[in-house]
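To start, the structure itself, in structure tokens.
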Ligand code: FES
Ligand code: FES
């Protein structure tokens with residue numbers, strides 16, 4: 001099999017983006033558009049007793065005020081909100097007078113202009129009967145589930161732990177976090193050409209046909225989800241949003257197109273988020289530093305009414321050669337909106353807890369943290385005993401240590417001092433993310449003119465998926481990238497999968513590649529001879545055909561043709577990490593250098609080095625960017641981000657970008673990235689594993705471990721702030 | 001843009017607002033899709049108290065009667081069909097809506113449309129074209145200073161201003177003076193490198 005070395009090409013859609021021409025959902029030019037604004041609930045739980053819309057209706061330009069009485073026909077089905085592929089009862093705001101979380105919409109004002117809609121929304125008066133609630137898992141009415149979501153074990157970990165020479169028993173707390181993609185979540189619904197088009201920045205355009213149609217009692221084939229560009233998703237846009245069906249229903253009732261751009265302050269209460277979690281970890285090692293036992297118990301918040309499993313225990317036992325393991329993950333129900341997948345949803349918090357614990361254990365054993373990890377490397381999964389499809393974590397650690405000049409690290413905290421007197425700390429941590437794939441339907445059309453069109457499954461949200469598609473077509477067909485049209489994120493062109501879980505590249509690369517190979521076969525059948533070195537379109541032109549089209553369904557390893565039907569219906573169906581013959585993961589090692597000002601406690605991350613094993617690298621330039629982005633997220637998690645829930649009112653207090661602090665340019669120093677670049681052909685014909693999420697896994701732990709190395713302080717909650725270090 | 005000779009200011013009434021859209025669209029600044037569909041965002045009636053504003057936008061004269069509550073961002077996006085400037089917060093906290101007024105960068109979400117009366121506004125649509133990218137646009141491509149691209153128009157407008165303000169001589173300065181523009185995708189390393197590449201070209205120009 002050929003192995004293309006990492007190509008370095010400009011991101012194929014960069015031109016559109018720098019020219020400001022890429023049209024995101026709320027940018028679509030639509031004639032006769034009406035504007036909507038939501039009225040958020042000011043209680044966390046209870047019932048609406050009365051809504052007074054008199055004043056709102058008098059605002060000039062207000063066309064209509066909708067309340068639950070207008071939307072009681074909306075059905076809430078298990079698949080309704082996507083429910084992240086998990087069973088859930090679901091709760092759709094504005095279908096009854098019941099309020100189940102603070103900030104959910106209780107009225108929708110539609111007007112001729114945005115200004116009128118906002119004024120109208122502000123004029124709505126709502127009387128509530130509020131009930132008792134708890135919005136945090138520490139609070140009185142929070143309800144722990146009786147049964148754990150997951151329990152993984154191998155051997156007698158309790159006994160092995162008790163007998164270990166070196167033991168640590170620590171608890172780490174991870175806060176609630178909010179994705180905050182810069183594109184505000186929005187919905188525009190318009191009847192065009194006999195179908196209802198939903199323009200929404202999403203990672204799941206098919207969820208509209210699959211979920212929204214059911215909610216509205218519509219024929220799914222008459223609903224089209226359109227999201228060619230998504231302005232960042234990070235998992236927050238992987239299902240139907242709370243407002244989607246409300247806007248669609250308003251457009252249907254008014255017979256006019258309606259647009260709603262959700263205010264960011266409301267999104268902290270209506271969109272998903274990373275739930276708060278607690279992690280108790282016990283690790284035991286022998287005198288030589290061999291890991292004898294890992295015991296890992298986690299709890300995580302969830303809403304009262306949806307499935308979002310606690311899954312922290314999935315990856316940590318796969319990181320090292322644990323002789324024994326015991327894990328359990330449990331959820332606690334509270335009165336908030338449903339949390340969801342946020343970049344490396346469980347892998348990030350669990351890597352934070354367990355990789356910091358590894359640093360603590362290395363210290364206890366008296367080993368260098370890199371040496372300690374290398375000494376416990378494994379090529380087999382300790383839980384199932386299966387081999388990994390590929391694992392170059394040791395290579396990541398060794399290459400990273402060299403690039404980072406890890407040898408300058410001193411075991412003694414605070415031993416390295418900068419010129420300005422600041423304390424220098426160096427830290428390391430590792431991460432993994434499952435190697436997943438999903439089905440795709442691809443249509444490739446080659447024109448004798450040289451033009452080439454491809455329509456396939458997948459969404460572009462910054463990861464560079466168009467560049468991946470282009471790379472495969474260029475490699476197999478040598479098409480001209482300037483004559484290439486890539487249609488994705490639109491159910492009008494191809495069925496769309498939920499693009500998440502780092503399976504985008506692993507699914508779209510084989511899809512594009514196999515379509516390109518089929519094109520060569522068909523073309524050669526048409527010409528009646530093996531293809532020559534001439535450009536394919538010239539060979540096609542010689543057959544006197546204007547164009548040639550092929551369609552390919554790609555079915556991921558371990559699945560059958562049923563997945564195509566599921567894909568068409570918007571039902572998620574993915575593989576991994578466990579396959580019949582092996583376990584598949586991407587791997588990464590991060591090294592962080594922090595400087596801590598002794599007088600202020602301020603932490604600066606001067607440099608990060610990250611080396612990833614993600615299989616074949618499709619585009620070196622976009623891949624490096626993706627890793628840097630993941631590292632920025634790790635830095636944000638380590639030092640900045642936390643949603644502060646107010647236990648008295650059940651809302652997020654810091655619900656804007658001034659108070660929910662994310663990294664800005666001045667927070668970020670040097671980030672050097674490298675790749676192992678070994679293709680994993682066991683997983684797919686393109687040799688790719690995922691990258692978008694593994695990029696973040698372990699990054700926060702590397703920063704926290706560096707802070708320890710600088711200050712000697714083990715801070716076991718995030719984010720680490722100035723007050724923790726004074 | 002090269003239409004500086006066309007200095008006629010069109011005074012229009014509410015009924016004529018559509019003409020403003022037409023003028024703007026002929027200048028080639030609209031997103032390609034808008035032109036293709038021939039559906040420049042239809043003007044909706046202005047509902048509240050209105051004010052009359054006339055301005056230069058991307059080298060073209062324009063004028064309209066607009067809701068006194070409207071922000072410059074909503075004027076650009078919802079009335080003029082210039083969707084390059086993005087809404088990321090509507091509170092002056094993210095920088096996605098950055099445009100230039102009389103050459104200075106502003107958060108257009110925090111600027112009332114009424115304030116641009118008599119001013120010159122430049123948006124991402126007005127700094128370069130597909131055939132002749134602005135050096136900053138080219139530098140963003142060269143250094144992959146973007147991912148999802150949503151913050152990018154604001155970053156580029158802020159970056160050009162950052163150079164013109166004289167705040168692009170060191171990486172530290174660039175980081176500091178570009179910190180009003182959040183990139184959640186985390187393209188900061190590329191953004192700093194892009195500005196370092198483009199700064200000398202812009203200063204020379
Ligand atoms: S939209 Fe104006 S600063 Fe965020
Ligand atoms: S490129 Fe996505 S927010 Fe900057």
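The values are calculated or read from the model by the stated rules, or taken from the named source; none is laboratory data. Remember, it's a predicted structure, so these values are computed and weren't measured experimentally. So basically every Cβ, Gly included, is an ideal-geometry build from the backbone, and we count neighbours across all protein chains shown.
One residue stands out in the range B:89-103 among those that are free of Cβ contacts under 8 Å to residues at least 40 places away in the same chain and more than 9 Å from ligand 1 (Cβ to nearest atom): the one that is farthest from residue B:69 (Cα to Cα), namely B:102. For the range B:124-148, a tally of residues being within 7 Å of another protein chain (Cβ to nearest Cβ) and within 15 Å of ligand 2 (Cβ to nearest atom) returns 8. When the residues of the range A:686-723 are narrowed to those that are out of contact with any helix residue (DSSP H, G or I) (no Cβ under 8 Å at 6 or more places or on another chain) and in a helix (DSSP H, G or I), which ends up surrounded by the fewest Cβ atoms within 10 Å (Cβ to Cβ)? So the residue we want is A:723.
Suppose the filter is more than 32 Å from the chain's Cα centre (by Cα), away from chain B (no Cβ under 14 Å) and surrounded by 22 or more Cβ atoms within 10 Å (Cβ to Cβ); does residue A:129 pass it? Answer is no for this residue. Against the conditions (1) at negative phi; (2) modelled with pLDDT of 95 or more, residue A:61 satisfies every one except (1). Is it the case, given these coordinates, that residue B:190 is in contact with a helix residue (DSSP H, G or I) (Cβ under 8 Å, 6 or more places away or on another chain) and within 13 Å of ligand 2 (Cβ to nearest atom)? Yes, satisfied. A count restricted to the range B:79-106 and to residues that are within 16 Å of ligand 2 (Cβ to nearest atom) and outside any loop (DSSP other than H, G, I, E, B) stands at 1. Residue A:522 meets each of the listed conditions (1) closer than 30 Å to residue A:353 by Cβ; (2) assigned to a helix (DSSP H, G or I) apart from (1). Inside the range B:120-148, can you point out the residues that are surrounded by fewer than 19 Cβ atoms within 10 Å (Cβ to Cβ) and part of a loop (DSSP other than H, G, I, E, B)? Correct list: B:129, B:130, B:131, B:132, B:133. Does the range A:229-260 hold any residues that are under 13 Å from residue A:190 (Cβ atoms) and crowded, with 24+ Cβ neighbours inside 10 Å, and which are they? The answer is A:247, A:248, A:250, A:251, A:258, A:259, A:260.
For the range B:164-184, filtering for residues that are away from ligand 2 (no atom under 16 Å from the Cβ) and surrounded by fewer than 24 Cβ atoms within 10 Å (Cβ to Cβ) leaves 11. Of the strands (runs of 3 or more DSSP E) lying entirely inside the range A:195-292, the ones with 1 or more residues being away from chain B (no Cβ under 14 Å) are found at A:195-199, A:223-226, A:277-285. Screening residue B:196 with (1) more than 24 Å from residue A:630 (Cβ to Cβ); (2) part of a helix (DSSP H, G or I); (3) away from ligand 2 (no atom under 16 Å from the Cβ) gives one miss only, at (1).
Condition check ((1) over 30 Å from residue A:177 (Cβ atoms); (2) in contact (Cβ under 8 Å) with a residue 60 or more places away in the chain) across all residues:
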{"position": "A:347", "(1), (2)": "no, yes"}
{"position": "A:351", "(1), (2)": "no, yes"}
{"position": "A:361", "(1), (2)": "no, yes"}
{"position": "A:377", "(1), (2)": "yes, no"}
{"position": "A:386", "(1), (2)": "yes, yes"}
{"position": "A:398", "(1), (2)": "yes, no"}
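Out of (1) buried (at least 24 other Cβ atoms within 10 Å of the Cβ); (2) within 18 Å of the chain's Cα centre (by Cα), what's the single condition that is false for residue A:642? Result: residue A:642 fails condition (1) only. Of all the residues in the range B:149-165, those that are away from ligand 1 (no atom under 16 Å from the Cβ) and either within 9 Å of chain A (Cβ to nearest Cβ) or part of a helix (DSSP H, G or I) (or both) number 3. Residue check: residue B:86 meets all listed conditions (1) in contact (Cβ under 8 Å) with a residue 60 or more places away in the chain; (2) in contact with a helix residue (DSSP H, G or I) (Cβ under 7 Å, 6 or more places away or on another chain); (3) more than 10 Å from every other protein chain (Cβ to nearest Cβ); (4) within 15 Å of ligand 1 (Cβ to nearest atom) but one, namely (3).
Residues that are under 11 Å from residue A:123 (Cα atoms) and either within 29 Å of the chain's Cα centre (by Cα) or within 8 Å of chain B (Cβ to nearest Cβ) (or both) within the range A:27-58 comprise just one, A:39.
Output yes when any residue across the range A:505-519 is more than 20 Å from residue A:554 (Cα to Cα) and in contact with a helix residue (DSSP H, G or I) (Cβ under 6 Å, 6 or more places away or on another chain), and no when none is. Give the derivation first.
The first filter runs over the range A:505-519 and keeps only residues more than 20 Å from residue A:554 (Cα to Cα), leaving none.
No: zero hits.
Only one entry in B:106, B:116 is surrounded by fewer than 24 Cβ atoms within 10 Å (Cβ to Cβ), within 16 Å of ligand 1 (Cβ to nearest atom), modelled with pLDDT of 95 or more and assigned by TED's automatic domain parsing to the domain that holds residue B:53, namely B:106.
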